[in-house]
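Step one of this worksheet: look at the structure below.
The values are calculated or read from the model by the stated rules, or taken from the named source; none is laboratory data. Model, not experiment: these values are computed from the prediction. Here the Cβ positions follow ideal geometry from the backbone for every residue, glycine too, while neighbour counts run over all protein chains shown. In case anyone asks, the SASA skips ligands and DNA or RNA and just uses the protein heavy atoms, side chains included. Shrake-Rupley method; radii C 1.70, N 1.55, O 1.52, S 1.80 Å.
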Amino acid sequence: MSFFGFGQSADLELVLSDAESRRRAEHKTEEGKKEKYFLFYDGETVSGRVILTLKHPNKRLEHQGIKVEFIGQIELYYDRGNHHEFVSLVKDLARPGEFTQSQTFDFEFTHVEKPYESYTGQNVKLRYFLRATVSRRLNDVVKEMDIVVHTLSTYPELNSSIKMEVGIEDCLHIEFEYNKSKYHLKDVIVGKIYFLLVRIKIKHMEIDIIKRETTGTGPNVYHENDTIAKYEIMDGAPVRGESIPIRLFLAGYELTPTMRDINKKFSVRYYLNLVLIDEEERRYFKQQEVVLWRKGDIVRKSMSHQAAIASQRFEGTSSQTESRTPSQPSENNGRQ
């Protein structure tokens, strides 16, 4: 290809203007690996430079224009041919012409709206990325760089406890209570299980954290359940009047905020699943949805001014710190 002059004769590189100071966040790739990406928040400016390096300095590069884009898109794995873009910003860096030496172009997308959190799931991916393009007559030169966006939420004003009685008539009657219905991602779920009536031989009880990913609409809705954690809270037969405490630390698990009807394409919800198993291996369970949200971290100097203002709105950013015990419940990933 290069012999006929069709091959790429230039390399592109994308460099953020605050790359040395900007925080990075781990994010799971489509292959299930964890990689670190530059972290942004809603309203932050995205700026940097595009570096065009000619492979053959003495040979001219003809082009039809150079541009850089900031894109937010949703990709459904069963419909990979269609990318649903909800953010699409373009900056033209150079008009059609030719280059005889390497060039650097500055760009800035000011106060960019990033309405949703980055997400990689079982059937859907929401990503943000920069894409630089040198348009050519036969083959474009393209370079992409992914970033990660976290969506911060304010502290819920109404956060009532969850209390419910469940049971089987004349066999089992229990009352369970969780201290809140909305938890931030590093919170602790505190609760208790109270046995009002026990006439079956229970040998084991656990709480599962279940993530339910919903994609599609109408008759084509597809649900994917993933058991994020299993947490044993009782081993042995309970008696009437017994109370079992619950203390579940969320920080040890891979969780995202609750996402509801994101761009009318997908949702992610979380449930606490209380499971009782009797001596005959019969399972009794009760699911209860809880809302997860991301609390703002302590303001860092590297954050832009608008992100710092947003972060200060969150509970405990200046005075409270998270406490966590050294021992964490063991994680047991699986499918339900």
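Output the residue which, of all residues in region 157-173 that are in a strand (DSSP E or B) and free of Cβ contacts under 8 Å to residues at least 40 places away in the same chain, is nearest to P257 (Cα to Cα).
K163
How many of the residues making up region 110-124 are part of a strand (DSSP E or B) and crowded, with 19+ Cβ neighbours inside 10 Å?
Residues that pass the stated criteria total 2.
Quick check on region 177-191. Is at least one of its residues more than 19 Å from I246 (Cα to Cα), of a type in the set (S, T, N, Q) and either without any contact (Cβ under 8 Å) to a residue 24 or more places away in the chain or open to solvent by 60 Å² or more (accessible area, probe 1.4 Å) (or both)?
no
Which residue, of V134, V68, V90, is of a type outside the set (D, E, K, R), under 20 Å from E13 (Cβ atoms), open to solvent by 30 Å² or more (accessible area, probe 1.4 Å) and at pLDDT 90 or above?
Working: V134 fails: open to solvent by 30 Å² or more (accessible area, probe 1.4 Å); V68 fails: open to solvent by 30 Å² or more (accessible area, probe 1.4 Å).
The unique qualifying residue is V90.
Just the residues that are more than 16 Å from the chain's Cα centre (by Cα) and open to solvent by 20 Å² or more (accessible area, probe 1.4 Å), please, taken from region 226-235. Spell out how you get there, then give the answer.
First, pick out the residues of region 226-235 that are more than 16 Å from the chain's Cα centre (by Cα): 227, 229-235.
K230, Y231, E232, I233, D235, listed by residue number.
Show the residue pairs meeting these rules: Cβ distance below 8 Å; 6+ apart or different chains; first residue within region 100-117 and touching a residue at least 24 places away in the same chain (Cβ under 8 Å) and in the same structural domain as I51 (by the TED database); second residue among the polar types (S, T, N, Q) and open to solvent by 90 Å² or more (accessible area, probe 1.4 Å).
Note: pairs meeting the criteria are T100/N58.
Within region 36-45, is even one residue basic (K, R), under 29 Å from F99 (Cα atoms) and open to solvent by 90 Å² or more (accessible area, probe 1.4 Å)?
No, that holds for no residue.
When you look at Y194, is it among the aromatic types (F, W, Y), over 17 Å from Y271 (Cα atoms) and either touching a residue at least 24 places away in the same chain (Cβ under 8 Å) or in a loop (DSSP other than H, G, I, E, B) (or both), yes or no?
Yes: the conditions hold for Y194.
Based on this model, can you work out whether K211 counts as buried (at least 16 other Cβ atoms within 10 Å of the Cβ), part of a loop (DSSP other than H, G, I, E, B), at pLDDT 95 or above and among the charged types (D, E, K, R)? Don't jump to the end; show me each part of the working.
Values: buried (at least 16 other Cβ atoms within 10 Å of the Cβ): yes; part of a loop (DSSP other than H, G, I, E, B): no; at pLDDT 95 or above: yes; among the charged types (D, E, K, R): yes.
It is false that K211 is buried (at least 16 other Cβ atoms within 10 Å of the Cβ), part of a loop (DSSP other than H, G, I, E, B), at pLDDT 95 or above and among the charged types (D, E, K, R).
Could you please let me know if S21 is polar (S, T, N, Q) and either outside any loop (DSSP other than H, G, I, E, B) or under 17 Å from the mean Cα position of the chain (by Cα) (or both)? Before you say what the answer is, go through the steps one by one.
Values: polar (S, T, N, Q): yes; either outside any loop (DSSP other than H, G, I, E, B) or under 17 Å from the mean Cα position of the chain (by Cα) (or both): no.
No.
S153 passes all but one of (1) small (G, A, S); (2) farther than 30 Å from E69 by Cβ; (3) assigned to a loop (DSSP other than H, G, I, E, B); which number fails?
(2)
If you take just the strands (runs of 3 or more DSSP E) that sit entirely in region 236-291, which of them hold at least 3 residues that are open to solvent by 50 Å² or more (accessible area, probe 1.4 Å)?
243-249
In region 9-18, what count of residues is obtained for those that are open to solvent by less than 70 Å² (accessible area, probe 1.4 Å) and in a loop (DSSP other than H, G, I, E, B)?
Residues that pass the stated criteria total 2.
Being free of Cβ contacts under 8 Å to residues at least 12 places away in the same chain, assigned to a strand (DSSP E or B) and surrounded by fewer than 18 Cβ atoms within 10 Å (Cβ to Cβ) narrows it down to one residue among H204, H223; which is it? Spell out the reasoning first.
On the way: H204 fails: free of Cβ contacts under 8 Å to residues at least 12 places away in the same chain.
Of the residues listed, the single one that is free of Cβ contacts under 8 Å to residues at least 12 places away in the same chain, assigned to a strand (DSSP E or B) and surrounded by fewer than 18 Cβ atoms within 10 Å (Cβ to Cβ) is H223.
Quick test for you: out of E69, E62, pick the one residue that is over 28 Å from the mean Cα position of the chain (by Cα), among the charged types (D, E, K, R) and under 20 Å from V142 (Cα atoms). I'd like the intermediate steps shown before the answer.
Details: E69 fails: over 28 Å from the mean Cα position of the chain (by Cα).
Only one candidate qualifies: E62.
Of all the residues that make up region 38-58, how many are under 25 Å from the mean Cα position of the chain (by Cα) and in a loop (DSSP other than H, G, I, E, B)?
Going through region 38-58 one residue at a time, the tally reaches 5.
What number of residues in region 71-87 are touching a residue at least 40 places away in the same chain (Cβ under 8 Å) and either hydroxyl-bearing (S, T, Y) or surrounded by fewer than 12 Cβ atoms within 10 Å (Cβ to Cβ) (or both)?
Taking region 71-87 and keeping what is touching a residue at least 40 places away in the same chain (Cβ under 8 Å), we get 71-78, 84, 86-87.
The next check asks that each one be either hydroxyl-bearing (S, T, Y) or surrounded by fewer than 12 Cβ atoms within 10 Å (Cβ to Cβ) (or both); those that pass are 77-78.
The number of residues fulfilling the criteria is 2.
On the basis of being open to solvent by less than 60 Å² (accessible area, probe 1.4 Å), at pLDDT below 85 and assigned to a strand (DSSP E or B), does V148 make the cut?
The answer is no for V148.
Of the residues G7, G32, which single one is at pLDDT below 95 and closer than 24 Å to E75 by Cα?
G32
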